[in-house]
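Peer 1: Please read through the structure below; I'll follow up with questions.
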Amino acid sequence: MLACNLIDAKENDYLSERFRKAYGWLESTDLESLDKGSYTIDNGNIYAQVHLYETKPVESAKFEAHDIYYDLHYIVSGCELFLVAPRKGLKILESDEGRDIVFLSEPDYYSSMVLTKGDFIVVPPEEAHKPSLFYKYPEQVRKIVVKIRR
């Protein structure tokens, strides 16, 4: 499934060489055995972060976005609710350029998706997202976030 605004589709080639490298790394790596931390895939153009956490209530998280990297969130185990909204028009609440992250105001509307084992979602810089939320109840999640340079 690919869901985005048609205008944004022209800007994002989800089958480019960088994306294919990211998908290939996910397929060829034993994701369950990786320790928490960061893994280089392509010298600053692509890297992966292994996250282990308990999902949280929607009201305890903020929408976030990135300027330099796409986020590819891949669920290795567990289940989480994931919210996505257009970034345009949202107010920046906090910014950390060194970490390529901004936290944003709540949008008037957003889309939601439940991600389970084997699911992934790609979030481009023009979209905000609120990840790591519990769906019906809190649970442990192992997730890989692959950062792909724009």
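Peer 1: Please work out which one of (1) closer than 14 Å to V145 by Cα; (2) in a loop (DSSP other than H, G, I, E, B) is the condition D13 fails and give its number.
Peer 2: (1)
Peer 1: To continue, here is another question. Quick one: which of S95, S132 is hydroxyl-bearing (S, T, Y), closer than 16 Å to H66 by Cβ and open to solvent by less than 30 Å² (accessible area, probe 1.4 Å)?
Peer 2: Only one candidate qualifies: S132.
Peer 1: Hey, among the residues in the stretch 1-59 that are under 30 Å from K136 (Cβ atoms) and among the basic types (K, R), which one's surrounded by the most Cβ atoms within 10 Å (Cβ to Cβ)?
Peer 2: Step by step, filter the stretch 1-59, then rank; the result is K56.
Peer 1: Quick test for you: out of K136, K130, pick the one residue that is at negative phi, of a type in the set (K, R) and part of a loop (DSSP other than H, G, I, E, B).
Peer 2: After applying the criteria, what remains is K136.
Peer 1: Here is a check on your reading of the model: is E94 among the acidic types (D, E), closer than 16 Å to H129 by Cβ and within 14 Å of the chain's Cα centre (by Cα)?
Peer 2: no
Peer 1: Also, quick follow-up: Identify the single condition in (1) touching a Phe, Trp or Tyr at 6+ places or on another chain (Cβ under 8 Å); (2) buried (at least 18 other Cβ atoms within 10 Å of the Cβ); (3) under 25 Å from P138 (Cα atoms) that A65 does not satisfy, given that it satisfies every other one.
Peer 2: Result: A65 fails condition (1) only.
Peer 1: Exactly one condition in (1) surrounded by fewer than 18 Cβ atoms within 10 Å (Cβ to Cβ); (2) outside any strand (DSSP E or B) is false for L90; which is it?
Peer 2: Condition (1) is where L90 drops out.
Peer 1: Got a number for residues in the stretch 98-129 being at pLDDT 95 or above, touching a Pro at 6+ places or on another chain (Cβ under 8 Å) and open to solvent by 30 Å² or more (accessible area, probe 1.4 Å)?
Peer 2: Adding up the residues that qualify gives 0.
Peer 1: Check the stretch 58-80 and report whether any residue there is in contact (Cβ under 8 Å) with a residue 60 or more places away in the chain, under 19 Å from E126 (Cα atoms), touching a helix residue (DSSP H, G or I) at 6+ places or on another chain (Cβ under 7 Å) and not aromatic (F, W, Y).
Peer 2: yes
The values are calculated or read from the model by the stated rules, or taken from the named source; none is laboratory data. All values derive from a computational prediction rather than experimental measurement. Here the Cβ is made from the backbone with ideal geometry for all residues, glycine too, and neighbour counts use every protein chain on show. For accessibility, only protein heavy atoms count, side chains too; no ligands or nucleic acids. Shrake-Rupley method; radii C 1.70, N 1.55, O 1.52, S 1.80 Å.
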